[in-house]
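Asks: What follows is a single structure, and I will ask about it in a moment.
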Amino acid sequence: MQAKIYKKLIAKRLSDDFKSSVEVVEVPIPEPTANEILIRNQFAGVNGGFDTLLCRGEVPYTNLTPPFDVGVEAVGEVVAVGKNVSNFTVGDTVQTIARGGGYREYQAVDSKLAFKVRESRPEVLTLMPTGVSALVALEQVGQMKSNEVVLVTAAAGGTGHIAVQLAKLAGNHVIGTCGSDTKAQLLRNLGCDRIINYRQENLNQVLKQEYPNGINLIFECVGKEVFDTCVDNLAVGGRLVVVGFISEYAKQPEQVTQPRIYQQLFWKGASVRGFFMPHYSQHLAAARDGQSPASGDRLSNLFYSDKLTVAVDPTQFVGIASISSAVEYLLSGQNCGKVVVRF
């Protein structure tokens, strides 16, 4: 007998803690409207920082009132199509990247918001939007060139390990920071030129001693002291791209009482630039349609030609009820690669 209800995760209330904000609910499986397809999700990507900030009501471009759906990227199988849909058939493997579509077992979406992928597997899921985010942050925001020194913090994370490889493919010397021997081994396998385990070495000392001319491009995901160190070690004309600040996602922002950074930037002609993917949504649209150099097709081709490795954290998270644990796991910094929930 075919199931008639499914489980999804909703934010029931705004809270500083993701786990206390969300709740698993059961709702009827919808019938797709004329222009929709019904997807049975098989994998969902975990974005602990965005999830937490959203449930705290601290994502400025949204003004959501609970209850609201959570989760972003998902890969699954089309199980029903609306009468006006001609570009999808039952059995197609598709991906969606809309907010609210990830942390649920089924979703009915407008067919224009889904795109076909070659197969349903966590590695394919990671290429969008995680991989595209790394690519756009490096190329569009960071203006990545060749023959530069590029530093990636949290380099063994879901976004960081893709950034390391893209910077290497562009012909750069790549430094990656991490916090364990397992993560260091992953970065070694990915061709990282200098790996700094911050539990064993001092980041600032290494950069000052080994890179006295500074760092040309920094892909910064951590925040707090790491951000300060990165700013201090920018090269003349250096660019620091703020991709995240995982050290503060689950905490109140640290109050800073130190000199402002404009003197460090002014004399070097350096810059700090924020990257937030919704402000670059045109690149995701192009990625979906395969009509841009910054496209999902580009990353997919790199992956299937074995030029890009996608690391998926081996820790198993299964089912809607496991999502809170997956978010906490990611925020703890234990993950090595992309954290994925399986349905």
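Asks: Have a look at S247, S305, S325 and tell me which one the Gaussian network model of the chain (Cα, springs below 10 Å) gives the largest fluctuation.
Replies: S305
Asks: Of K83/K338; K224/K268; K183/K268, which ones are farther than 27 Å apart at the Cα?
Replies: K83/K338; K183/K268
Asks: What does the highest-first list of 40-47, 225-232 look like by mean Cβ count within 10 Å?
Replies: Ranked from most to least packed, the peptides come out as 40-47, 225-232.
Asks: On to the next question. Whole angstrom only: what separates the Cα centroid of the stretch 208-235 from the Cα centroid of the stretch 109-134?
Replies: 32 Å
Asks: When each pair of different Cα atoms in the stretch 128-278 is counted once in the 1/r mean, what is the Kirkwood radius in angstroms, to one decimal?
Replies: It works out to 15.3 Å.
Asks: If you don't mind, another one. Under a Cβ-Cβ cut-off of 14 Å, what is the net charge of the residues other than V25 that fall near it, where Lys and Arg count +1 and Asp and Glu count -1?
Replies: Once all neighbours under 14 Å are counted, the net charge is +1.
Asks: Another question, if that's okay. Please state the relative contact order of the stretch 128-278 as a whole percent: Cα pairs under 8 Å, 6+ residues apart?
Replies: Relative contact order of the stretch 128-278: 22 percent.
Asks: What net charge is computed for the residues neighbouring I5, neighbours being all others with C-beta under 15 Å from the C-beta of I5, Lys and Arg scored +1, Asp and Glu -1? If you can, show how the numbers build up before the last one.
Replies: Details: positive: K4, K7, K8, R40, R104; negative: E26, E31, E105.
Around I5, the surrounding residues sum to +2.
Asks: Next question, about the same structure. For the chain, set up a GNM with springs between Cα atoms under 10 Å and report which of A156, A34, A311 has the largest fluctuation.
Replies: A34
Asks: Here's a follow-up. Where both partners of a DSSP beta bridge lie in the chain, what percent of those bridges are antiparallel, to the nearest 5?
Replies: Here the antiparallel bridges make up roughly 55 percent for the chain.
Asks: Just one of (i) 22.1; (ii) 23.1; (iii) 20.8 is Kirkwood radius over Cα pairs in Å as worked out from the coordinates here. Which one is it?
Replies: Calculated Kirkwood radius over Cα pairs in Å: the matching label is (iii).
Asks: Would you mind counting up the charge near D181? Only other residues with Cβ under 11 Å from its Cβ, with Lys and Arg at +1 and Asp and Glu at -1.
Replies: Working: positive: K183, R188, R199; negative: none.
My count for the surroundings of D181 gives +3.
Asks: Tell me which aspartates and glutamates have Cα within less than 19 Å of K112's Cα, excluding those fewer than 8 residues away on the same chain?
Replies: K112 reaches E31, E36, E73, E77, D92, D289, D297.
Asks: Just H283, H161, H173 to compare: in a GNM of the chain, with alpha carbon springs under 10 Å, which one fluctuates most?
Replies: H173
A short reminder: the numbers here are calculations on the coordinates, not readings from a lab. As the structure is a prediction and not an experimental result, all values here were calculated from the model. Glycine gets a Cβ as well: all are built from the backbone with ideal geometry, and neighbour counts include every protein chain shown.
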